[in-house]
């Protein structure tokens with residue numbers, strides 16, 4: 001029974017969420033996979049690398065994500081530099097020596113980047129988060145209110161710094177689990193196996209859906225426990241579908257004293 005939910009935005013200027021099945025070209029998802037989101041949350045809370053997978057497993061933790069800004073993708077070629085131990089990069093002296101000798105091996109690699117359509121704006125992903133442990137919810141809520149993080153937040157790569165902003169915390173009657181045999185509007189990305197029927201028109205507007213296969217959970221050693229297919233609307237509109245599963249009805253305020261926002265979301269795990 002979910003009776004409390006933290007809603008917060010992740011914001012940044014540029015992102016790269018590498019698709020696990022790419023090889024020579026680094027393609028990017030349009031939004032962070034669940035494994036990336038829990039990594040960001042674990043970093044905010046100060047969890048050690050690869051220590052939090054069980055704490056944030058699909059039974060203990062529920063996450064939904066909505067793309068709240070207009071985005072596009074572009075390809076840039078990045079020069080990766082080989083810095084292996086056998087090449088003398090274990091000491092500063094070794095690095096300087098390789099640089100002076102011009103023996104730095106460069107590997108030009110096409111990298112797909114996610115950027116805002118309007119470069120004066122930011123990429124915004126809205127996260128809806130629940131955890132069964134009150135300590136995790138309280139700790140994350142406190143960090144978000146203080147705009148603090150134990151480890152830096154970044155969008156896929158350490159060069160792509162991001163920020164987290166608490167939007168609201170919903171409880172009680174403001175969050176309700178519902179089920180409908182009729183088509184409903186979902187603002188979050190949606191797992192394909194949740195869908196009974198997908199509609200492609202809304203108010204004389206053609207809806208365009210894109211499917212992404214991405215990891216949902218890691219096991220020990222960063223092994224992927226399972227992958228799922230998710231869809232999102234290409235132009236950041238709602239998804240209209242008839243679902244096989246219950247969904248969550250939310251009422252919250254985006255700003256203090258602002259008007260109520262009503263949204264339907266579906267968690268990435270069920």
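Does residue 63 satisfy being touching a helix residue (DSSP H, G or I) at 6+ places or on another chain (Cβ under 7 Å), under 18 Å from residue 230 (Cβ atoms) and assigned by TED's automatic domain parsing to the domain that holds residue 215? Yes: the conditions hold for residue 63.
Just to be sure, is residue 178 in the same structural domain as residue 63 (by TED's automatic domain parsing) and in contact with a strand residue (DSSP E or B) (Cβ under 7 Å, 6 or more places away or on another chain)?
Considered against the rule, which asks whether it is in the same structural domain as residue 63 (by TED's automatic domain parsing) and in contact with a strand residue (DSSP E or B) (Cβ under 7 Å, 6 or more places away or on another chain), residue 178 comes out as yes.
Residues are listed down the side, and each one gets a yes or a no for (1) within 24 Å of residue 211 (Cα to Cα); (2) touching a residue at least 60 places away in the same chain (Cβ under 8 Å); (3) touching a helix residue (DSSP H, G or I) at 6+ places or on another chain (Cβ under 8 Å); (4) assigned by TED's automatic domain parsing to the domain that holds residue 236:
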{"site": "122", "(1), (2), (3), (4)": "yes, yes, no, yes"}
{"site": "134", "(1), (2), (3), (4)": "no, no, no, yes"}
{"site": "152", "(1), (2), (3), (4)": "no, yes, yes, yes"}
{"site": "164", "(1), (2), (3), (4)": "no, yes, yes, yes"}
{"site": "169", "(1), (2), (3), (4)": "no, yes, yes, yes"}
{"site": "184", "(1), (2), (3), (4)": "yes, yes, no, yes"}
{"site": "195", "(1), (2), (3), (4)": "yes, no, no, yes"}
{"site": "198", "(1), (2), (3), (4)": "yes, no, no, yes"}
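Look at residue 53 and say whether it is modelled with pLDDT under 95 and assigned to a loop (DSSP other than H, G, I, E, B). It is true that residue 53 is modelled with pLDDT under 95 and assigned to a loop (DSSP other than H, G, I, E, B). Check the stretch 216-225 and report whether any residue there is closer than 28 Å to residue 170 by Cα, free of Cβ contacts under 8 Å to residues at least 12 places away in the same chain and surrounded by fewer than 11 Cβ atoms within 10 Å (Cβ to Cβ). Scanning the stretch 216-225 turns up no residue that is closer than 28 Å to residue 170 by Cα, free of Cβ contacts under 8 Å to residues at least 12 places away in the same chain and surrounded by fewer than 11 Cβ atoms within 10 Å (Cβ to Cβ).
Being in a helix (DSSP H, G or I) and either closer than 21 Å to residue 126 by Cβ or touching a residue at least 12 places away in the same chain (Cβ under 8 Å) (or both) is a property that residue 242 lacks.
The values are calculated or read from the model by the stated rules, or taken from the named source; none is laboratory data. No experiment lies behind these values; they were computed from the predicted model shown. Ideal geometry is used to build each Cβ from the backbone, glycine not excepted, and the neighbour counts take in all protein chains shown.
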